[in-house]
Amino acid sequence: MISLRVFNVFLLLVFMAGCGDDIVVKPEAKLRLQYPPPHYEPVSLDCPFSFEKNSTTTLELKKNCGVNLHYPNMKATVYLTYQPINENLNDLLSDAQKLTYDHTIKANEIFEQPRVDSIHGVYGMFYMINGDAATQTQFYATDSINHFLTGSLYFKSKPNFDSIYPAVVYIRDDVRRIMETITWK
């Protein structure tokens, strides 16, 4: 009976002696993704608009002057849709805004940045959608008379905003550049 007590005390001392190191809390691991600095090149299509795009993207021209800008390394695509204005500007604006705000179910917040370029006749809105929504960036641009262009960013993966955040920030800058360089023909 005494030997069992001695053994238990000895075992307790061994465990206590083995726990003498200080506990070191390691910093939370964060994924570091770096993308090449963007280099922009002009895009001139047989369409009523032109713009500049990141040279790392591949351009796919669709029917009715739709344009898909693919980011193969990020598995993302910016979809541009052109529509001529035929006395339906209010409907086009309403549809573009509705498309953005349909994502409020999954979005944590939506920021709006208006775009007014009276020199080149480009007016619009840039939307940053934060959260696990299907799209993280959308915009529309118009001259209010003849042309209306919308754009949306989508990833080919389940929208986990924390995971795709570095790519979102990178592509948002490219989408802003598209909006800033749109010219109507």
Check your understanding: Which residue out of Lys106, Lys98 is more than 14 Å from Phe51 (Cα to Cα), free of Cβ contacts under 8 Å to residues at least 12 places away in the same chain and of a type in the set (D, E, K, R)?
Key -> Lys98
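Please verify whether Glu109 is modelled with pLDDT under 95, assigned to a loop (DSSP other than H, G, I, E, B) and of a type in the set (D, E, K, R), treating the condition exactly as stated.
When the stated conditions are applied, Glu109 does not pass them.
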Study note, to complete from the structure: Counting only residues in region 51-70 that are surrounded by 13 or more Cβ atoms within 10 Å (Cβ to Cβ) and not in a strand (DSSP E or B), the one farthest from the chain's Cα centre (by Cα) is identified as Cys65
Review point. So which residues in region 11-50 are loosely packed, with under 10 Cβ neighbours inside 10 Å, more than 30 Å from Ile164 (Cα to Cα) and modelled with pLDDT of 70 or more, if there are any at all?
Key: Asp46
Check your understanding: If you scan region 75-120, which residues turn out to be of a type in the set (Gly, Ala, Ser) and under 14 Å from Met179 (Cα atoms)?
Key -> Ser118
Point to revise | Residues satisfying the stated conditions in region 71-88, i.e. exposed (fewer than 14 other Cβ atoms within 10 Å of the Cβ) and outside any loop (DSSP other than H, G, I, E, B) | key: Pro84
Check your understanding: If you scan region 156-172, which residues turn out to be outside any loop (DSSP other than H, G, I, E, B) and either among the hydrophobic types (A, V, I, L, M, F, W, C) or over 9 Å from the mean Cα position of the chain (by Cα) (or both)?
Key -> Phe161, Asp162, Ser163, Ile164, Ala167, Val168, Val169, Ile171
Point to revise | Considering residues of region 130-153 that are assigned to a strand (DSSP E or B) and modelled with pLDDT under 95 only, the residue nearest to the chain's Cα centre (by Cα) | key: Gln136
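The values are calculated or read from the model by the stated rules, or taken from the named source; none is laboratory data. Not measured: the values here are computed from a predicted model. A quick note on method: Cβ atoms are made from the backbone with ideal geometry, for glycine too, and the neighbour counts reach across all protein chains shown.
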